[in-house]
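K.L.:
Let me begin by handing over the structure; questions about it come next.
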Amino acid sequence: MTRNVMVIDLRRCVGCQSCTVACRTWNDLPMDIIYNPVLTEGVQGDWPNVHRNWLPTLCMHCENPECVPCCPTGASQQDEDGTVWVDHTKCMGCKVCVNACPYGMRDVSHMVPRFDQYVRKCTFCRDRRQNEPGKDPYCVQTCHQKARIFGDIEDPNSEVSKLINSVETFRLFEELGTNPQIYYIPFLGGHR
Amino acid sequence: MKRHYWTSPIAIYLFLGGLGGGIMFLAWIMSAFVFAGQADVLGPALAGPMFIALLCLALGCFFLVFELGQPPVFWRVFTTATAIIKWGATMLSIAMFFNLFYVLAYVPWFPVFENFFMPFRAFNLGVAGIMGLGIMIYTGVMLSTLKAHSFWATPALPILFTTSATSTGCAAISLSLGVWPGSVHMTMASYLGAVAIHEVLHVVDIVLVFVEIGILLIMVLSFLGSGTRTAKRAAKRWVSGAYAGWFWIGMIGFGLVIPLCMYLSGVSAMSNGVAPVLVLCGGLLLRYLCVWTDDRQPLPGEERYYNKLPKSDAQFLHAWEDGDLY
Ligand code: SF4
Ligand code: SF4
């Protein structure tokens, strides 16, 4: 069975935010919604030993998502391949799931009419993958540094499988038990 | 932390839900256990408080629905069994129906209802009372199951909310006992029953306020002493930060300690009239502060990122609409 995951190679990310812009474009997002912010804690260390790291993020498509069972309408769902998505025709905008997500990866736009607000989140470009099988999410296709790699972890020949099985990776807030499916390859120097 | 996703309507909903639940639960306990066998006498005295409870639940539901992004489809809340708020909404609906049936038995202008519902009023009150208990617990559980939020994800929160809801329920019953337009039902015995209930609730509320002060301080101070970094930061806001005035003066002082002193000073105009109002205000403030303390552990760099984004009223975001691009 397919299980889609993403590997993010922090050694490669240069913080250009192209993925963020690509995602906004593909998903036609309102101004106040960002699915995949590229975070940084700014310049670290003392001159001349300074460095700056970037942390590209997105929905972790958790194996045990907090956001799905709490949804009273059934709008929040998980596909067999692990993709977590929101059927906005069912969502009533109660924002339970927004408060349930430990990663802050769901949001409601305030730039749409007041009584037409539903929850939005990254879907690993579910529409794109359904319409054109084999295509990657748009952020993956756009990343010129090849820092974002997408694939099926169950396929031993996929790039993600090979990476996860050969280099050290870590995941965010693993201790919460959500089993997030975004694997990070640490920054150079082993910074997490 | 991007922003608060739940705001005043949810705080008011949690307060009114707990208050309505508390009134119904206590009315049932009084009628079925404390003064067992006196339902005929106590019924008319409890009709007023039960009607207030019905109004609280209805208004609470209004605020909940108003907070939704798509209010017209609120009925979808009933569709998924794994969701805690489905169970909350179900209990609220059942409670409101049975509460209404109870109150209809005492509406003086419609003898049809009175004749129909009077034989079932003990059953109706029982169902409403049990649902009331469920609703009180649910208002706390709804927040405490959201483990992304350190300040909410504690078993102390449902206990605190249930205690506070019962205490506000006591206060509201004390204020509305025997106040009912259908005074045709109110006999001298009913008035005496109301006085007896008042006496009992007076003592019960003293105990509840004591317990609430204890739970509140234990919860907040233990977060401050040994919570996660996020919980500590939130607790610090309560104890010595931006919310300290609201917490110490508003909630602990005016909401709990001062009414407690009034209650302890014996039955007087202050303990009958002012203390219950202060307890109610303290309960509302508790819900407000808790809903606003929705701190989530940030991802590395997350706060920096969102602090740098323009606010939604930034001029350049609206230049296009305003037509003053050039
Ligand atoms: S990261 Fe948040 S939104 Fe995404 S699957 Fe996990 S809990 Fe749900
Ligand atoms: S906001 Fe929508 S998707 Fe989220 S829990 Fe409520 S109904 Fe479900």
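K.L.:
Restricting attention to the range A:150-192, which residues are of a type in the set (S, T, N, Q) and within 16 Å of ligand 1 (Cβ to nearest atom)? Steps first, answer last, please.
P.N.:
First, pick out the residues of the range A:150-192 that are of a type in the set (S, T, N, Q): A:157-158, A:161, A:165-166, A:169, A:178-179, A:181.
Once the filter is applied, which keeps residues that are of a type in the set (S, T, N, Q) and within 16 Å of ligand 1 (Cβ to nearest atom), the range A:150-192 yields A:178, A:179, A:181.
K.L.:
Determine whether residue A:89 is within 16 Å of ligand 2 (Cβ to nearest atom) and modelled with pLDDT of 95 or more.
P.N.:
Judged against the criteria, residue A:89 is not a match.
K.L.:
Take the range A:85-135 and flag every residue that is over 16 Å from residue B:75 (Cα atoms) and of a type in the set (Phe, Trp, Tyr).
P.N.:
Of everything in the range A:85-135, those that are over 16 Å from residue B:75 (Cα atoms) and of a type in the set (Phe, Trp, Tyr) turn out to be A:85, A:103, A:124.
K.L.:
Please tell me if residue A:48 is within 16 Å of ligand 2 (Cβ to nearest atom) and over 25 Å from residue A:185 (Cβ atoms).
P.N.:
Criteria not met by residue A:48.
K.L.:
Working only within the range A:83-105, note down all residues that are among the polar types (S, T, N, Q) and assigned to a loop (DSSP other than H, G, I, E, B).
P.N.:
The initial filter retains those residues of the range A:83-105 that are among the polar types (S, T, N, Q), namely A:83, A:89, A:99.
Across the range A:83-105, the qualifying residues are A:83, A:89.
K.L.:
Here's a follow-up. For the subset of the range A:82-92 comprising residues that are crowded, with 23+ Cβ neighbours inside 10 Å and within 9 Å of another protein chain (Cβ to nearest Cβ), which member is farthest from residue B:10 (Cα to Cα)?
P.N.:
Among those residues, the one meeting the criterion is A:91.
K.L.:
Step by step: first the residues of the range B:67-89, then only those that are of a type in the set (Phe, Trp, Tyr) and more than 7 Å from every other protein chain (Cβ to nearest Cβ), then the one that is nearest to residue B:128 (Cα to Cα). Which residue is that?
P.N.:
Filtering the range B:67-89 for residues that are of a type in the set (Phe, Trp, Tyr) and more than 7 Å from every other protein chain (Cβ to nearest Cβ), the one nearest to residue B:128 (Cα to Cα) comes out as B:87.
K.L.:
Restricting the search to the range A:39-64, which residues are among the β-branched types (Val, Ile, Thr) and either facing chain B (nearest Cβ under 8 Å) or under 15 Å from residue A:16 (Cα atoms) (or both)?
P.N.:
If the condition is that a residue be among the β-branched types (Val, Ile, Thr) and either facing chain B (nearest Cβ under 8 Å) or under 15 Å from residue A:16 (Cα atoms) (or both), then A:40, A:57 are the ones that fit.
K.L.:
If you don't mind, there's one more thing I want to ask. What's the number of the condition residue B:315 fails, among (1) buried (at least 18 other Cβ atoms within 10 Å of the Cβ); (2) without any contact (Cβ under 8 Å) to a residue 24 or more places away in the chain?
P.N.:
Failed condition: (1).
K.L.:
Give me the pairs: first residue in the range A:99-112 and closer than 17 Å to residue A:123 by Cβ, second residue among the polar types (S, T, N, Q) and near ligand 2 (Cβ under 10 Å from one of its atoms), beta-carbon distance under 7 Å, and six or more apart or on different chains, which are they?
P.N.:
Note: pairs meeting the criteria are A:108/A:117; A:109/A:117.
K.L.:
Sticking with this one: Any residue at all in the range B:260-283 that is of a type in the set (A, V, I, L, M, F, W, C) and within 14 Å of chain A (Cβ to nearest Cβ)? Steps first, answer last, please.
P.N.:
Here is the first cut: in the range B:260-283, the ones of a type in the set (A, V, I, L, M, F, W, C) are B:260-262, B:264, B:267, B:269-270, B:274-275, B:277-281.
Next cut, within 14 Å of chain A (Cβ to nearest Cβ) only: none.
No, the range B:260-283 contains no residue that is of a type in the set (A, V, I, L, M, F, W, C) and within 14 Å of chain A (Cβ to nearest Cβ).
K.L.:
Name every residue in the range A:67-81 that is surrounded by fewer than 21 Cβ atoms within 10 Å (Cβ to Cβ) and either assigned to a loop (DSSP other than H, G, I, E, B) or within 7 Å of ligand 2 (Cβ to nearest atom) (or both), in order of residue number.
P.N.:
Answer for the range A:67-81, where residues must be surrounded by fewer than 21 Cβ atoms within 10 Å (Cβ to Cβ) and either assigned to a loop (DSSP other than H, G, I, E, B) or within 7 Å of ligand 2 (Cβ to nearest atom) (or both): A:69, A:74, A:79, A:80, A:81.
K.L.:
Away from chain A (no Cβ under 13 Å), surrounded by 19 or more Cβ atoms within 10 Å (Cβ to Cβ) and at pLDDT 95 or above: which single residue out of B:62, B:51 fits that description?
P.N.:
Details: B:62 fails: surrounded by 19 or more Cβ atoms within 10 Å (Cβ to Cβ).
The unique qualifying residue is B:51.
K.L.:
When you look at residue A:102, is it at the interface with chain B (Cβ under 7 Å from one of its Cβ atoms) and near ligand 2 (Cβ under 8 Å from one of its atoms), yes or no?
P.N.:
No: the conditions fail for residue A:102.
K.L.:
If you don't mind, another one. Quick one: how many residues across the range A:72-91 are within 10 Å of ligand 1 (Cβ to nearest atom) and not polar (S, T, N, Q)?
P.N.:
Matching residues across the range A:72-91 total 4.
K.L.:
When both residues are 6+ apart or on different chains and their Cβ atoms are under 6 Å apart, which pairs have a first residue that lies in the range A:113-131 and is under 13 Å from residue A:4 (Cα atoms), and a second that is within 14 Å of ligand 2 (Cβ to nearest atom)?
P.N.:
Close Cβ pairs (under 6 Å, with a partner that is within 14 Å of ligand 2 (Cβ to nearest atom)) amount to A:123/A:85; A:126/A:85.
K.L.:
Sticking with this one: Would you mention how many residues in the range A:92-107 are of a type in the set (D, E, K, R) and within 11 Å of ligand 1 (Cβ to nearest atom)?
P.N.:
2
The values are calculated or read from the model by the stated rules, or taken from the named source; none is laboratory data. Quick caveat: nothing in here was measured; it's all calculated off a predicted structure. Reconstructed Cβ throughout: ideal geometry from the backbone, glycine too, with neighbour counts over all protein chains shown.
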